[in-house]
Amino acid sequence: MDYVYGPGRNHLFVPGPVNIPEPVIRAMNRNNEDYRSPAVPALTKTLLEDVKKIFKTTSGTPFLIPTTGTGAWESALTNTLSPGDRTISFLIGQFSLLWIDQQQRLNFNVDVIESEWGQGANLDILASKLAADRAHTIKAICIVHNETATGVTNDLSKVRKLLDEYRHPALFLVDGVSSICALDFRMDEWGIDVALTGSQKALSLPTGMGIVCASPKALEASKTARSVRVFFDWKDYLKFYKMGTFWPYTPSIQLLYGLRTALDLIFEEGLENVIARHSRLGHATRLAVEAWGLKNCTQKEEWYSNTVTAVVVPPYIDSTEIVKRGWKRYNLSLGLGLNKVAGKVFRIGHLGNLNELQLLGCLAGVEMLLKDVGYPVKLGSGVAAACAYLQNNIPLIPSRI
């Protein structure tokens, strides 16, 4: 029973946690078992091999940590850096802000490159800092691939190009929480040293698993990193990897079985098809926003996100009221505006195990909400714009051809 019951299904369109597919729910509907039995290590071994595919790495070492994305951040930082190390981090929204706060509280020397919310990372400033750092005092570049608060996606290949251009040895650490498994992500090709994601985003699992993947360079850095770490220490994992038991402490058995099924669903659809589907969902949403006469918080097309769209409302409307009313009247869950954009934007999440008709239901609900709060939207305008695009671009479902 829902804590607060509403008829029908809740239309969950926050940018995480996302809808969980029925096969994943069924896979997790099982009793506890002994994680030291032969079954769980055998399952874990397949997961560690297959999870590398969503990062597009053959050389990376993954860690399945019972934590959230915040814990995955801490794991990435404390295993590769020492107190006082200089990092460069980009402040472009709420989640990049929180990662910067964590870096500062862990006693790193954080060099913040700040942009207006709605803009991407300022790579010109990064270039100037790399050029000036002939002594290589910068130990890591930390960047959020997809800033969920503003719907901004950064071009990671350009960051790698700059590091190579200036022959800079800094580690390249990437938050891929709302991008991996939904947006194009190439860990090996882009020379990413640590990448991380969370189970509750595009993987479409419950919250509770932070997945971190470390390059050989990052593993080497972990041998000399002096940050205090216990629960997140990669060394403990690697010890048990060699033993073949894999777990230094008790894992979430149910989440492991859920991850197995989630990966199977992604591979059955095809990772490139998953990425293409998210591209369609993002484009359709942006067309709807344009048809409503509203603006995207993201200021340039090059930064548009295909997992979340932050919609700017007119000054006379409080976007928080849109989100509250959506839940109260239509059983529709949208994302709030956060921090600097609180009350100014609402967010439509379109990631995970989600199809085009589900998105159209959300867009119809948003139109009614806009009408409710006094915005002069023409009902059906955004849905029609999205439909016109989707009808011409949705492919046949591969397994049903």
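The values are calculated or read from the model by the stated rules, or taken from the named source; none is laboratory data. Only a predicted model underlies this, so the values are computations on that prediction, with no experimental measurement involved. Glycine gets a Cβ as well: all are built from the backbone with ideal geometry, and neighbour counts include every protein chain shown. Ligands, DNA and RNA are stripped out before the accessible areas are found, and what is left, the full protein with its side chains, is counted by its heavy atoms. Shrake-Rupley method; radii C 1.70, N 1.55, O 1.52, S 1.80 Å.
The table below gives the values:
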read-out: Amide N proximity, the stretch 346-364 versus SER279 label position 7 Å along Cα-to-Cβ, cut-off under 18 Å; value: 350-352, 354-356
read-out: Amide H contacts under 5 Å for LEU171, placed H, 5+ residues apart; value: ALA140, ILE141
read-out: Eligible lysines near LYS201 by straight Cα distance, threshold 20 Å, same-chain separation 8 or greater; value: LYS52, LYS53, LYS56
read-out: Space enclosed by the convex hull of the alpha-carbon atoms of the stretch 191-279, per residue, Å³; value: 135
read-out: Solvent-accessible ranking of MET28, MET243, MET187, MET368, largest area first, probe 1.4 Å; value: MET243, MET368, MET28, MET187
read-out: The stretch 253-401: relative contact order in percent, alpha carbon pairs under 8 Å with at least 6 residues between; value: 26
read-out: Average Cα contact separation per residue, the stretch 314-356, under 8 Å, 6 or more apart, as relative contact order %; value: 37
read-out: Relative contact order [Cα under 8 Å, 6+ residues apart], the stretch 99-229, whole percent; value: 16
read-out: Solvent-accessible area per residue, Å², over the stretch 236-373 with all protein chains present [probe radius 1.4 Å]; value: 43
read-out: Exposure ranking of HIS278, HIS283 by accessible area [1.4 Å probe, largest first]; value: HIS283, HIS278
read-out: Values of log10 I(q)/I(0), in the order q = 0.12 Å⁻¹, for the chain under a Debye, Cα-only, solvent-free model; value: -0.97
read-out: Farthest positive-ward along the stretch 261-401 dipole, Cα basis, beta-carbon charges - from GLY282, GLY349, LEU379; value: LEU379
read-out: Label point distance in nm, ARG186-ALA42, each placed 7 Å from Cα along Cα→Cβ; value: 3.8
read-out: Distance cut-off 16 Å, percentage of C-alpha pairs in the stretch 50-166 lying past it; value: 64
read-out: Low-density loop cleavage sites - chymotrypsin sites (Phe, Trp or Tyr not before Pro) in the stretch 237-298, where at most 14 other Cβ are within 10 Å (DSSP); value: TYR249
read-out: The chain: calculated mean residue ellipticity at 222 nm from DSSP helix runs of at least 4, using -39500 (n - 2.57); value: -13000 deg cm²/dmol
read-out: Accessible surface of the chain, 1.4 Å probe, proportion on carbon and sulfur as whole %; value: 53
read-out: Cα-centre dipole for the chain with unit charges at Cβ (Lys and Arg positive, Asp and Glu negative), debye to 20; value: 340
read-out: Largest to smallest principal axis extent of the C-alpha atoms in the stretch 305-401, angstrom; value: 48, 28, 23
read-out: Residue-span extension gain [GLN104 to ARG329] - 0.36 nm each, minus C-alpha spacing; value: 76.8 nm
read-out: Positive-end extreme of charge dipole, the chain - chosen from PRO315, GLY293, SER128 (charges on Cβ); value: PRO315
read-out: Among beta bridges that DSSP assigns inside the chain, antiparallel share in %, nearest 5; value: 50
read-out: The stretch 266-374 - charge dipole about Cα centre, Lys and Arg +1 at Cβ, Asp and Glu -1, debye rounded to 20; value: 480
read-out: The stretch 82-145 - accessible surface per residue (Å², probe 1.4 Å); value: 40
read-out: Three semi-axes of the equivalent ellipsoid, the stretch 160-206, Cα gyration tensor, whole Å, largest first; value: 26, 10, 6
read-out: Diffusion coefficient, µm² s⁻¹, Stokes-Einstein with Kirkwood Rh over alpha-carbon pairs of the stretch 118-219 at 10 °C and 1.306 mPa s; value: 111
read-out: Inter-part distance where the stretch 195-250 and the stretch 253-313 are each reduced to a Cα centre, Å; value: 26
read-out: Surrounding net charge for THR250, when Lys and Arg each add one and Asp and Glu each subtract one, Cβ distance under 14 Å; value: -2
read-out: Largest-first ordering by accessible area, 1.4 Å probe, given options VAL383, VAL51; value: VAL383, VAL51
read-out: In nm, spacing of pseudo-spin labels at LEU396 and GLU321 (7 Å Cα→C-beta vector); value: 4.9
read-out: Reciprocal of mean inverse Cα separation for the stretch 1-112 (Kirkwood radius, Å); value: 18.1
read-out: Size-normalised alpha-carbon gyration radius of the stretch 252-376, reference 2.2 N^0.38 Å; value: 1.17
read-out: The stretch 165-318, Cα convex hull volume normalised per residue, Å³; value: 194
read-out: Charge context of SER178, other residues only, Cβ under 10 angstrom, K/R +1, D/E -1; value: -1
